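The values are calculated or read from the model by the stated rules, or taken from the named source; none is laboratory data. Since the structure is predicted, the reported quantities are computational estimates derived from the model, not experimental observations. Quick reminder, even Gly has a Cβ in these numbers, built from the backbone with ideal geometry, and neighbours come from all protein chains shown. Please note that ligands, DNA and RNA were not included when accessible areas were found on the heavy atoms of the full protein model with its side chains. Shrake-Rupley method; radii C 1.70, N 1.55, O 1.52, S 1.80 Å.
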Amino acid sequence: MNIVFIGPPGSGKGTQAKRLADSNHVPHISTGDILREAVRNTTELGKQAEPIMASGGLVPDDLMIGIIHERLQQADAASGFILDGFPRTVVQAEKLEKVLVGNGHGDLQVLHFLVPDEIIVRRIVSRRSCPSCNAIYHLENAPSKVEGVCDRCGSALVARTDDTEEAVRKRLDAFRKQTLPVVDFYRQKQSLKDVDGNGPVDQVFERIEKSLS
Ligand code: AMP
C-alpha cells in the first residue's frame with residue numbers, strides 16, 4: 001500500500017489520509033505535519049520553513065526531498081505508507097520515483113481530491129488542529145466533543161497560522177501552478193484516480209476505499 005494523496009488545501013486529504021493509515025496500519029506521512037513540528041522545535045529546518053509556510057508558499061524542493069528520503073527509509077514505511085502533501089511539484093514527483101526504486105518499494109497509487117473552491121474556503125476557516133497529535137477538527141462538520149480540546153489527547157486545539165484568507169489564496173495559487181502539473185504527471189502514468197472530496201467524511205472515505213485496488 002504505497003499511496004499518495006493530492007488535493008488543494010482544505011480538500012480533506014489530511015483527515016482521510018489519517019483514517020486510511022490507521023485502518024491499514026501503515027504510517028501517515030504528512031510533510032506539513034513534519035514541517036510544523038520542526039517549527040515548534042525551532043530546528044534549522046523549522047526556522048527556514050516558518051516564514052514560507054506562514055505566507056502560503058512552498059518550501060524548496062531539495063529540503064522536502066531530503067525529508068522524504070529519510071522518512072521512507074524508516075522501518076515502519078517498509079510495508080507501505082500514505083503520503084499526504086508530497087509530492088507538490090514535478091521535481092518532487094520525479095525524485096520520489098527514484099527514492100522508491102532505491103528503497104525497493106512497489107508501485108504508487110495516487111488519489112486526487114476534487115473539492116470546489118467555495119467549500120475549501122469554508123472548511124479552512126473553521127478548521128482546528130491539535131498541535132500534539134495532529135488530529136483535525138471542524139467547528140461545524142466535525143467538532144471536538146469538548147470545545148477547544150482534542151478528543152484524542154486532551155491538548156488545546158489551535159487554528160493553523162497559515163489558515164488565514166490571504167495565505168489560503170496563495171496556497172490555492174501554489175496548488176494550481178505547481179501541484180496540478182503533478183496531477184498530470186501521474187495521470188499520464190495511469191496511476192491516478194480522481195476522488196470527489198465533497199460530502200461527509202464517511203462518504204468520502206467509502207469513495208476512497210472503492211478507488212483503491
Ligand atoms: P499542508 O499541511 O500539507 O497544507 O502543508 C502546509 C505548508 O507546508 C504548505 O503550505 C507549504 O508551505 C509547506 N509544505 C508542505 N509540504 C510541502 C512540500 N511537499 N513541498 C513544499 N512545501 C511543502
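Over the chain, the Kirkwood radius and the radius of gyration, each from Cα atoms, give a ratio Rg/Rh of 0.93. Note on Val121 and Thr164: the model spin-label points, each 7 Å out from Cα along the C-beta direction, lie 1.7 nm apart.
Near Lys189, once Lys and Arg are set to +1 and Asp and Glu to -1 for all other residues with Cβ below 14 Å from its Cβ, the sum equals -2.
Just checking the listed ones, Thr164, Thr43, Thr179: in the Gaussian network model of the chain with Cα springs under 10 Å, the one fluctuating most is Thr43. The apolar share of the surface of segment 40-143, taken as the fraction of accessible area on carbon and sulfur atoms (1.4 Å probe, ligands and nucleic acids excluded), comes to 53 percent.
Just the projected area, averaged over all directions, of the convex hull on the alpha carbon atoms of segment 142-188: how many nm²? Present the calculation step by step, with values, prior to reporting the outcome.
Numbers: hull surface 20.8 nm².
With every direction weighted equally, the projected area is 5.2 nm².
Legend: P(r) of segment 54-94 from all alpha carbon pair distances, 10 Å bins from 0, whole percents, reading 24, 54, 19, 2. Looking at segment 1-155, the DSSP beta bridges with both ends there are about 25 percent antiparallel. Per residue, segment 93-213 exposes an accessible area of 59 Å² to a 1.4 Å probe, with every protein chain left in place.
What order, most packed first, do the peptides 138-151, 73-86 have when packing is the mean number of other Cβ atoms within 10 Å of each residue? It would help to have the intermediate numbers written out before the result.
On the way: 138-151: 14.0, 73-86: 17.7.
For the peptides 138-151, 73-86, the packing ranking is 73-86, 138-151.
Scaled against 2.2 N^0.38 Å for its residue count N, the alpha carbon radius of gyration of segment 113-202 is 1.27. The antiparallel fraction among DSSP beta bridges confined to segment 99-213 stands at about 55%.
When Rg and the Kirkwood radius Rh are both evaluated on Cα atoms of segment 1-115, their ratio Rg/Rh stands at 0.94.
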